[in-house]
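S.K.: Please see the structure below; I have some questions.
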Amino acid sequence: MESNPTPAQKVKFSISALLPGLMDSPVVGLITRLTKIHAYENNKAGSGQVFSFTLTDETADIRVSVFGKDLKSLLEMCQTVETVRISGGWIKKADPRYNTTENEYEMSVSVDKSGTIMTSNETVNRRSRDYRRISEISACQMKTKVDVRGIISAVEKPKEVKTGAGKLVDLAKVTIVDRSGSSVSCTFWASSSAQVNNWSIGDILAIHGSQVQEYAQMISLGCSQAEVHHWPENSQEFSDLTEWYNGATASQQHFEAVRATQIPPPEQQASHDEEMTLHYPNECFTSLTTCEE
């Protein structure tokens, strides 16, 4: 149901002010990167369902995992609304392997206990993005989350590949360039690869929360869990960017692929398999299967 907050209810946290422990005030934000429902079962927590999304306001983003016995109606609500108010969430240190934001914390909400999520008509502004020039990505630490914007210069449509773990999964890649004169490959695993079918050379992408990765001294961006915004070629909103790209290609400008400035230790190198795993650590659940398509 929709929330029309009373004066008392209007007391709330901004996302950047959240600290570890049980939230004693609600938080209001916009939903992005909403996942499907997954079932879980383990000896300690029992069985149930879980889905996740990224909550964002003008101050920060945070990954939210929602737990409960039957989450279908709640997921449907989250699919149809933009703004939600969350109460009774638990804030904890984020697992860097699965965190999709730059926030050092993440939130768990158990709707069968003290947690609640409801729609809200409150106005929430998105935080402004600090887009990284592609040429600057080489200076980032591995697994850092970065926001980038550029034009597609090459597209590899989804194809089935075998991972190191022996699983068959779809993989798609696009190369983007920007005015820095550099290019970078962006990878999309599993279900995230399907969107690449709708993209073409010359289209514009804004990718929020891509993960910096290194393989054989080349930098790539893992985008399977990123928030991706797409505009077709010749979009009026980015006419200056398109004009620049058309001039660059007409003059046969060479775009240098971003290389790692130094080889990171093995524990910091991102595995090709790592990006296509589920959003939840395997050790959390003894059994984890998709139950909502």
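Any read-out appearing in this document is the output of simple, stated calculations on the displayed coordinates, not a laboratory observation. Remember, it's a predicted structure, so these values are computed and weren't measured experimentally. Cβ placement follows ideal geometry from the backbone for every residue including glycine, while neighbour counts extend to all protein chains displayed.
S.K.: Taking the 0 to 90 degree range and rounding to the nearest ten, how far is the long axis of helix 239-250 tilted relative to the main principal axis of the chain, both from C-alpha atoms?
M.R.: That works out to roughly 30 degrees.
S.K.: Test of understanding: ordering MET107, MET77, MET23 by Cβ neighbours within 10 Å, fewest first, what list do you get?
M.R.: Lowest to highest Cβ neighbour count: MET77, MET23, MET107.
S.K.: Could you work out [θ]222 nm for the chain from helices alone, using -39500 (n - 2.57) per DSSP H run of at least four and dividing by all its residues? Round to the nearest 500 deg cm²/dmol.
M.R.: Computed ellipticity for the chain at 222 nm equals -2000 deg cm²/dmol.
S.K.: Rounded if a/c is under 1.5, else prolate if a/b beats b/c, else oblate: with a ≥ b ≥ c from the C-alpha gyration tensor eigenvalues square-rooted, which is the stretch 134-276?
M.R.: Cα axes put the stretch 134-276 in the oblate bin.
S.K.: Here's something else I'd like to know. Where the centroid of each part is defined by its Cα atoms, how far is the stretch 111-184 from the stretch 46-64 in Å?
M.R.: 17
S.K.: Let me ask another. Separation between the ASN198 and SER251 pseudo-spin-labels, each 7 Å from Cα along Cα→Cβ, expressed in nm?
M.R.: Output for this residue pair reads 3.4 nm.
S.K.: Next up: By how many nm would the segment from LYS36 to LYS72 lengthen if fully extended, with 0.36 nm per residue of separation less the alpha-carbon distance?
M.R.: Gain on extension, LYS36 to LYS72, equals 12.0 nm.
S.K.: Based only on Cα atoms, what Rg/Rh ratio does the chain have, Rh being taken as Kirkwood's radius?
M.R.: 0.98
S.K.: If you don't mind, there's one more thing I want to ask. Go through the stretch 23-61 and name the trypsin sites (Lys or Arg not before Pro) that are in a DSSP coil and have 12 or fewer other Cβ atoms within 10 Å of their Cβ.
M.R.: Passing both the DSSP loop test and the Cβ count: LYS44.
S.K.: Separate question: Among LYS143, LYS159, LYS167, which one moves the most in a GNM of the chain with springs linking Cα atoms closer than 10 Å?
M.R.: Among LYS143, LYS159, LYS167, the largest mean-square fluctuation in the Gaussian network model of the chain belongs to LYS167.
S.K.: Over 20 Å between C-alpha atoms is what I'm after, so list which of LYS69/LYS92; LYS12/LYS145; LYS36/LYS143; LYS36/LYS159; LYS72/LYS113 land there.
M.R.: Correct reply: LYS69/LYS92; LYS12/LYS145; LYS36/LYS143; LYS36/LYS159.
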